[in-house]
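A short worksheet on the structure shown next.
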């Protein structure tokens, strides 16, 4: 497999911390369905680990946000040049909708994980659990309090395990990597998750991975920056960088703006009403008198 194809397959899997596999991006709307009794199966320790993480992680949906609108500017740079497009995302409390002006670039963004379901998950209280399908999660704890969860069964995101540190933070996860050729075996990719504290909770500030292949050493990192709107923390910028043998391979940046939280969509603009001749406020009439 060529270096570009290896990189492509890795990037597709990196999205597991935020999303499912690609969907139609340029005019895509998808609802966030609650986890049903036929969904993922957790043992007692896995359930406690996720309950602790959900309490610890700052998450818009778990903070009470039901509706979100924002504009997005996406820029992708590589050896082939630079391309960019504008987009918008909205969630009315029932389903999300993502639209891009450049459908071709939108498809590429979806393949790298930035589809409607990625943003839906910012509001879906179950978060990462919704990507596990009907898999079975079984956890164990070591003497230092680190919890490792093994995932058995097919998942939409390709997860094979999750690890929470002794504090309860999601420390890293592993994904299944396809075999690069007929003679090799499927591999595992470890993705380390980064956080920063905000009071008694933490914000996920990014993730990174490092792997070796027949084509070279591939390193990837995604960094998230936030801004505060009222009492809520929203992502302002997401920047992904990919290196092959320590040389830049590509950079992708998404900038989010015009966030609107739990507010009605803007009404259709109407022509400004003109004040009839001679009419005006009481104060104005007094001044004229």
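FYI, it's all coordinate maths here, none of it is from the lab. Not measured: the values here are computed from a predicted model.
Quick look at the numbers
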{"item": "Contour excess over end-to-end distance, with Cα ends at residue 71 and residue 136 and 0.36 nm allotted per residue", "result": "19.7 nm"}
{"item": "Cα gyration tensor shape of the range 87-160, rounded if a/c is under 1.5, else prolate or oblate by comparing a/b with b/c", "result": "prolate"}
{"item": "Whole-Å distance, taken between Cα centres, linking the range 65-92 and the range 133-196", "result": "29 Å"}
{"item": "Gyration tensor verdict on the range 97-250 (Cα atoms; rounded if a/c is under 1.5, prolate if a/b is larger than b/c, oblate otherwise)", "result": "rounded"}
